[in-house]
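Asker: Here it is: the structure, laid out below.
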Amino acid sequence: MNTKTIVFFFLSLFAFPFSGWSQTEPEDIAMVSDAFQDSFYESLLQKGIENYDKAIVALEKCLVSQPNNATVHFELGKNYLALKQYENAYQSFQKATQIEPKNRWFWVGLYDLSFQTKNYERAMTAVQQLIGFDERYKDDLIPLYMATNQLEKALALINEMNAKFGKSQERTQFKNQILLATKNQSSDWKELGDFKNYLETNNGLQAAQTMKSILGNGQIPNSIKHRVVNEFLLFAYKNPQYETDLETAIPFFDADKEINVAQEIGKFYQNKKQLEKAIHYYELALQKEAGSVATNLLLLQAYTTDQQFQKLAQKSAEGMELYPAQGYFYYYFGLANNQLHQFNKAKEALETGIDFVIDDLDLEINFNLQLAEAYNGLGDFKMKDRFFAKADQLIQNKKK
């Protein structure tokens, strides 16, 4: 089953379950009188405008003539749920399932309510019924087992579902969380607990050694290794003497095609305004992916903020050559040369690059400001005023 994606911080629970297996919601009911029909549709009208109390009154009128109409009880449950009258909602949903136990939709209502109110035992009972309609509902048992600390059952069910239906991202995530939480009582996972203990006791030397052992362990998923590096990064930020150990962690991810770890570390330091360190890690990141536009632009922005304009000019020139249709490289080249008083170089690059600016108002504003600066440096004050005016107009347009 395609379960709801849940950010599951172990044993703290999420919001709603996903119960998306399609079955038409019951709407066709036997009408025994115009009064019943009028009341039922009045309830739908009132529910639609969120007058749930009035909807309940209308549905109770329906029950006078049809006390065992499952659809009416189901609708009552939905209105009680909207009012957060959870026990009344449960009784109504349960009554619907008792009257029509083969209607999947009624069990879904009971399941959703139980999950929302964190009554996991009731939720599991409902899921067991839903499994009779489709075995893939077993996926919904996994977070329920985890919530009730039945981790062995959860792990066994993950393996069963993977074998029958193939792996899924959600199951993989749950499995990693279970293994991390239990450490699987094996030496591989025990190291994760040791690593956390070393960080908490400020034992940087042992933490660094354990981190490297974890990173070299092929049995531990990359998602957990990323978390380990992130935790050591936070530790190294407060204890700079261990930054060299952080750097030695990067080569362990050379084969990782999803995340450039050095780039992520660079972004961390850039956010902390430690530009020298950010630049260092961006340069390391480019050793892995020399052609990465994202990393190059992060590096160029760091050079700009750190006022390393010579390096900015050199790196942006390389970018213009590699990506001749990427406007940002022309912008940074123009900015750098304006700062270096190479105004003609700046003007030529900016006039060429502005043609590559599409649907990026901020970049267009900055191009015009730098062109005004270049013409000002060249003594052409008429053109300077023209580009300043264009930039100002774009700024005004942005405010609208």
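The values are calculated or read from the model by the stated rules, or taken from the named source; none is laboratory data. Predicted model only: the values in this text are computed from it and were never measured. Here the Cβ is made from the backbone with ideal geometry for all residues, glycine too, and neighbour counts use every protein chain on show. Each accessible area value is taken on the protein alone, full model and side chains, heavy atoms only, with ligands, DNA and RNA left out. Shrake-Rupley method; radii C 1.70, N 1.55, O 1.52, S 1.80 Å.
Asker: For the range 269-290, name all the residues that are hydrophobic (A, V, I, L, M, F, W, C) and not in a helix (DSSP H, G or I).
Answerer: ALA290
Asker: Would you confirm, using the coordinates I've provided, whether LYS102 is touching a residue at least 24 places away in the same chain (Cβ under 8 Å) and not hydroxyl-bearing (Ser, Thr, Tyr)?
Answerer: Judged against the criteria, LYS102 is not a match.
Asker: Still on this model: Could you tell me whether the range 302-309 includes any residue that is part of a loop (DSSP other than H, G, I, E, B) and surrounded by 17 or more Cβ atoms within 10 Å (Cβ to Cβ)?
Answerer: yes
Asker: Something else: How many residues, within the range 321-342, are within 20 Å of LEU369 (Cα to Cα) and open to solvent by 40 Å² or more (accessible area, probe 1.4 Å)?
Answerer: Number satisfying all stated conditions: 6.
Asker: Same structure, new question: Which count do you get for residues in the range 346-357 that are surrounded by fewer than 18 Cβ atoms within 10 Å (Cβ to Cβ) and closer than 15 Å to ALA313 by Cβ?
Answerer: 1
Asker: Would you check which residues across the range 291-301 are in a helix (DSSP H, G or I), among the polar types (S, T, N, Q) and open to solvent by less than 40 Å² (accessible area, probe 1.4 Å) and list them?
Answerer: Within the range 291-301, THR295, ASN296 meet the criteria.
Asker: Let me ask another. Considering each of GLN91, GLN185, GLN98 in turn, give the residue that is at pLDDT below 90, surrounded by fewer than 19 Cβ atoms within 10 Å (Cβ to Cβ) and either of a type in the set (Gly, Ala, Ser) or more than 27 Å from the chain's Cα centre (by Cα) (or both).
Answerer: GLN185
Asker: Between LYS272, LYS288, LYS238, LYS257, which is open to solvent by 60 Å² or more (accessible area, probe 1.4 Å) and within 26 Å of LYS190 (Cβ to Cβ)?
Answerer: Only one candidate passes the filter, namely LYS238.
Asker: Suppose we filter the range 156-176 for residues that are open to solvent by less than 40 Å² (accessible area, probe 1.4 Å) and either hydroxyl-bearing (Ser, Thr, Tyr) or closer than 17 Å to TYR120 by Cβ (or both); how many remain?
Answerer: Count: 3.
Asker: OK, next. Taking the stated definitions as given, is LYS238 without any contact (Cβ under 8 Å) to a residue 12 or more places away in the chain and within 19 Å of LYS267 (Cβ to Cβ)?
Answerer: So LYS238 passes the test.
Asker: Look through the range 78-88, keep the residues that are among the polar types (S, T, N, Q) and assigned to a helix (DSSP H, G or I), and return whichever of them is farthest from the chain's Cα centre (by Cα).
Answerer: For the range 78-88, the residue satisfying everything is ASN88.
Asker: Sticking with this structure for a sec: Is one or more of the residues making up the range 106-121 surrounded by fewer than 19 Cβ atoms within 10 Å (Cβ to Cβ), assigned to a helix (DSSP H, G or I) and among the aliphatic types (A, V, I, L, M)?
Answerer: Checking the range 106-121: not a single residue is surrounded by fewer than 19 Cβ atoms within 10 Å (Cβ to Cβ), assigned to a helix (DSSP H, G or I) and among the aliphatic types (A, V, I, L, M).
Asker: For the condition at positive phi and either surrounded by 15 or more Cβ atoms within 10 Å (Cβ to Cβ) or assigned to a loop (DSSP other than H, G, I, E, B) (or both), what is the one hit in GLU50, GLU42, GLU75?
Answerer: After applying the criteria, what remains is GLU50.
One line per residue, one yes/no per condition, for (1) farther than 24 Å from GLN326 by Cα; (2) open to solvent by 40 Å² or more (accessible area, probe 1.4 Å); (3) aromatic (Phe, Trp, Tyr); (4) without any contact (Cβ under 8 Å) to a residue 60 or more places away in the chain:
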site	(1), (2), (3), (4)
ASP359	no, yes, no, yes
ILE365	no, no, no, yes
LEU371	no, no, no, yes
TYR375	no, no, yes, yes
LEU378	yes, yes, no, yes
LYS382	yes, yes, no, yes
ASP385	yes, yes, no, yes
ALA389	yes, yes, no, yes
LYS398	no, yes, no, yes
